[in-house]
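One structure is given here, and the rest of the page talks about it.
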Amino acid sequence: MTIKTIGIVGSGQMGNGIAHVSALAGYNVKLFDISKIQLDKALATIAGNMTRQVSSDKISEQDREAALEKLSVTDSYEELATADLIIESATEKEEVKREIFEHLRPYISEDTILASNTSSIPITRLASNTDRPEQFIGIHFMNPVPVMELVEIVRGIATDDKTFNLAQEFVDTLGKQTAVAEDFPAFIVNRILLPMINEAIYTLYEGVGTVESIDKAMKLGANHPMGPLQLADFIGLDTCLSIMQVLHDGLADPKYRPCPLLVKYKEAGWLGRKTKRGFYDYRGETPVPTR
């Protein structure tokens, strides 16, 4: 089997990033979302990001034009029927992902490979709710997709070798590196990263340091390019909370208990950059700590 057409479900930050790199690699890309407004935003984001790549000599104008010609958008599941590989990249909620795979079932061929870009939910559990667990795999891109080099590949217990090899080959053609992770909650990167972020939030919650001092300490003291609270805002505090809940529920270890302050920010709708407020307030010219 040769993968020629990629279907991507979800046109948010991760979905449009996967569409971006897939189109640049020469694949026909069909980007799906139930919101036409979101699809318009995704197209504008992809075009803008590719223009910046042209300006920085990372790609040529011809590359950009060819990639955009490979990209189409749709709000119909039926139009994903011709995709050889469909990557789900919706919100990090298991019930939403299950519904998506159920909607896809009547339209896709028996050869279509299904993948999830989930950052934490077990692949085996997602695969068991489809009609093809052997052809189901986790392909977890890092954010922002056009910039980050790593992709985690996660086999479910039923994933066959053919599906695994095709997923590896696909990621290789994107010019990215792979890390193969076992199917445990949050895999490798987020199993390590999110507890660190959660601990930084506890450090804030307990008054050990301010937002500014915590981020400064980790940037200058541990040589991190971005402070943990700044990074949490970039990821999205709702996503951070979802991953911590998956870790806490899946591993039953109290060390993964989400910090109450993270829960409070989520309840307030202060989710980080995407809502203009999180641990920083982004409504002005310069981000200002909110605590």
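Are any residues in the stretch 197-230 of a type in the set (A, V, I, L, M, F, W, C) and surrounded by fewer than 14 Cβ atoms within 10 Å (Cβ to Cβ), and if so, which ones?
Val208, Leu220, Ala222, Met226
Just one of (1) surrounded by 16 or more Cβ atoms within 10 Å (Cβ to Cβ); (2) charged (D, E, K, R); (3) closer than 30 Å to Gly278 by Cα trips up Asp183, so point out which.
Result: Asp183 fails condition (3) only.
Which condition does Lys255 not pass, out of (1) surrounded by 15 or more Cβ atoms within 10 Å (Cβ to Cβ); (2) closer than 25 Å to Val154 by Cβ; (3) of a type in the set (Lys, Arg), if it passes all the others?
Going through (1) surrounded by 15 or more Cβ atoms within 10 Å (Cβ to Cβ); (2) closer than 25 Å to Val154 by Cβ; (3) of a type in the set (Lys, Arg) one by one, Lys255 breaks only (1).
With the checklist (1) out of contact with any helix residue (DSSP H, G or I) (no Cβ under 7 Å at 6 or more places or on another chain); (2) part of a helix (DSSP H, G or I); (3) of a type outside the set (S, T, N, Q); (4) over 20 Å from Asn117 (Cβ atoms) in hand, flag the one item Leu39 doesn't pass.
(4)
Every residue, every condition in (1) touching a residue at least 40 places away in the same chain (Cβ under 8 Å); (2) outside any loop (DSSP other than H, G, I, E, B), yes or no:
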| position | (1), (2) |
| --- | --- |
| Ala217 | no, yes |
| Leu220 | no, yes |
| Asn223 | no, no |
| Leu231 | no, yes |
| Val246 | yes, yes |
| Pro258 | yes, no |
| Lys264 | no, yes |
| Gly284 | no, no |
| Arg291 | yes, no |
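What's the number of the only condition in (1) among the hydrophobic types (A, V, I, L, M, F, W, C); (2) part of a helix (DSSP H, G or I); (3) over 16 Å from the mean Cα position of the chain (by Cα) that Ile46 fails to meet?
It fails just one condition, (3).
Filter the stretch 17-29 down to the residues that are over 19 Å from Glu61 (Cβ atoms), of a type outside the set (A, V, I, L, M) and either touching a Phe, Trp or Tyr at 6+ places or on another chain (Cβ under 8 Å) or buried (at least 24 other Cβ atoms within 10 Å of the Cβ) (or both) and list them by number.
Answer for the stretch 17-29, where residues must be over 19 Å from Glu61 (Cβ atoms), of a type outside the set (A, V, I, L, M) and either touching a Phe, Trp or Tyr at 6+ places or on another chain (Cβ under 8 Å) or buried (at least 24 other Cβ atoms within 10 Å of the Cβ) (or both): Gly17, Ser22.
Name the residues in the stretch 124-151 that are assigned to a helix (DSSP H, G or I) and either on the phi > 0 side of the Ramachandran plot or crowded, with 21+ Cβ neighbours inside 10 Å (or both), would you?
Leu126, Ala127, Gln135
Name the residue, out of Asp33, Asp57, Asp40, that is surrounded by fewer than 24 Cβ atoms within 10 Å (Cβ to Cβ) and at positive phi. Break it down stepwise before answering.
Numbers: Asp33 fails: at positive phi; Asp40 fails: at positive phi.
Every option except Asp57 fails the conditions.
Among what's in the stretch 266-281 and is without any contact (Cβ under 8 Å) to a residue 40 or more places away in the chain and in a loop (DSSP other than H, G, I, E, B), pick the residue that is nearest to Ile235 (Cα to Cα).
Leu271
Could you grab me the full set of residues in the stretch 77-110 that are among the basic types (Lys, Arg) and assigned to a helix (DSSP H, G or I)? Don't jump to the end; show me each part of the working.
Of all residues in the stretch 77-110, those among the basic types (Lys, Arg) come to 93, 97-98, 105.
The answer is Lys97, Arg98.
So for the stretch 155-164 (the condition being under 24 Å from Leu247 (Cβ atoms), among the β-branched types (Val, Ile, Thr), surrounded by fewer than 18 Cβ atoms within 10 Å (Cβ to Cβ) and touching a helix residue (DSSP H, G or I) at 6+ places or on another chain (Cβ under 7 Å)), does at least one residue qualify? It would help to see each step written out before you state the result.
Keep residues of the stretch 155-164 that are under 24 Å from Leu247 (Cβ atoms), which gives 155-159.
Applying the additional criterion that residues be among the β-branched types (Val, Ile, Thr) yields 157, 159.
Now narrow it down to the ones that are surrounded by fewer than 18 Cβ atoms within 10 Å (Cβ to Cβ): 157.
From what's left, touching a helix residue (DSSP H, G or I) at 6+ places or on another chain (Cβ under 7 Å): 157.
Yes, because at least one residue in the stretch 155-164 is under 24 Å from Leu247 (Cβ atoms), among the β-branched types (Val, Ile, Thr), surrounded by fewer than 18 Cβ atoms within 10 Å (Cβ to Cβ) and touching a helix residue (DSSP H, G or I) at 6+ places or on another chain (Cβ under 7 Å).
Anything in the stretch 109-123 that is surrounded by fewer than 20 Cβ atoms within 10 Å (Cβ to Cβ) and either of a type in the set (Ser, Thr, Tyr) or not assigned by TED's automatic domain parsing to the domain that holds Glu92 (or both)? List them, or say none. Spell out the reasoning first.
Here is the first cut: in the stretch 109-123, the ones surrounded by fewer than 20 Cβ atoms within 10 Å (Cβ to Cβ) are 109-111.
Ser109 - this is the single residue of the stretch 109-123 that is surrounded by fewer than 20 Cβ atoms within 10 Å (Cβ to Cβ) and either of a type in the set (Ser, Thr, Tyr) or not assigned by TED's automatic domain parsing to the domain that holds Glu92 (or both).
The values are calculated or read from the model by the stated rules, or taken from the named source; none is laboratory data. Quick caveat: nothing in here was measured; it's all calculated off a predicted structure. Using ideal geometry, Cβ is built from the backbone for each residue, glycine included, and neighbour counts are taken over all protein chains shown.
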